Amino acid sequence: MRTSSNPAFRNLPTSPGGYARFGDAPAGLGGAFGGGPVGPTPAAGVSDRPLTVDDVVQKTALNAVITIAVGIAAAMLLSPILGIAGFVVGLVVSLIIIFKQSTNPALVLTYSVSQGLALGTITGFFEASSNRYAGIGFQAIVGVVGVFIGMLVVYKTGAIRVTPRLTKMVIGAAIGVVVLMLVNLVVSFFTTGGIGLRDGGPLAIIFSLVCIAVGAFMLLLDFDQADQAVKAGVPAKFAWYLAFGFMTTLVWLYIEILRLLSYFRGE
């Protein structure tokens, strides 16, 4: 199985047969989750039936709506404490989900709420600071939706095939931009503007565009990982874990698109 650049999608169960596509999961598959034999799925509760595309779509949409709703409320409250709390709780919860590969709905929903608090607070301060940033949050959401739909079309049409080579390239690029972000952060403690990756200049604009492109390709890999999980017939409860994986990528894209828009609107 190909490894996604998204840490939440690592070690997903796979099935033989090459590149799966949404909706191709054969009925009656079960037991593949956890390495067990694949065979007919006995009648059981909802959590024991095989995963479907609808399960992934519904859980991901639910978490996205919750994040947006909480974000709107946080933008109106403009509480730095809530924003910081959102970042801290989101980081802790995400680490728990990733390392335990948890399918606990409460944890996933907590992550979405915390990200709504954090991102909403940031967006609120942008919009409150100057009329130049009015509507920037809505534009960033539209941008994220556009990237999501675009990459879904690319994946569904097979315009770009998810291959092991592409996966390695995306993972390498993701690691590279994260390292550059950390270097810029450390250098900014000693010099104003760091190495120029976040100062709003031409280099910062190029870097943000690269980050958005990497996020888009991460999303492409995430589609493929979710697709493989559906085809493998993992339990339906795994939809919560997949939804969390999608949310981490969508949060990445929102932050980078918001930052890019702020560069163009800034003085």
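The values are calculated or read from the model by the stated rules, or taken from the named source; none is laboratory data. This structure is a prediction, so every number in the text was calculated from the model and none was measured. Heads up, the Cβs are rebuilt from the backbone with ideal geometry, glycines too, and the neighbour counts pull from every protein chain shown. Surface areas here come from the heavy atoms of the whole protein model, side chains and all, with no ligands, DNA or RNA. Shrake-Rupley method; radii C 1.70, N 1.55, O 1.52, S 1.80 Å.
Before moving on, here are some points about what is shown:
- Residue satisfying all of: in region 43-56; at pLDDT 70 or above and within 25 Å of the chain's Cα centre (by Cα); most open to solvent (accessible area, probe 1.4 Å) among these: D54
- In region 245-267, the qualifying residues are those that are among the aromatic types (F, W, Y) and more than 19 Å from the chain's Cα centre (by Cα), and the one that is most open to solvent (accessible area, probe 1.4 Å) is F264.
- Residue, most open to solvent (accessible area, probe 1.4 Å), within region 116-130, restricted to residues that are under 22 Å from the mean Cα position of the chain (by Cα) and of a type outside the set (G, A, S): I122
- When the test is whether a residue is outside any helix (DSSP H, G or I), touching a helix residue (DSSP H, G or I) at 6+ places or on another chain (Cβ under 8 Å), within 21 Å of W240 (Cα to Cα) and not aromatic (F, W, Y), S94 does not pass it.
Here's the yes/no breakdown for (1) at pLDDT below 55; (2) surrounded by fewer than 19 Cβ atoms within 10 Å (Cβ to Cβ); (3) in a loop (DSSP other than H, G, I, E, B):
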{"residue": "P16", "(1), (2), (3)": "yes, yes, yes"}
{"residue": "A32", "(1), (2), (3)": "yes, no, yes"}
{"residue": "P37", "(1), (2), (3)": "yes, yes, yes"}
{"residue": "T41", "(1), (2), (3)": "yes, yes, yes"}
{"residue": "Q58", "(1), (2), (3)": "no, yes, no"}
{"residue": "I72", "(1), (2), (3)": "no, yes, no"}
{"residue": "S102", "(1), (2), (3)": "no, yes, yes"}
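- Qualifying residues in region 151-163 (those that are open to solvent by less than 30 Å² (accessible area, probe 1.4 Å) and in a helix (DSSP H, G or I)) - the one farthest from L250 (Cα to Cα): Y155
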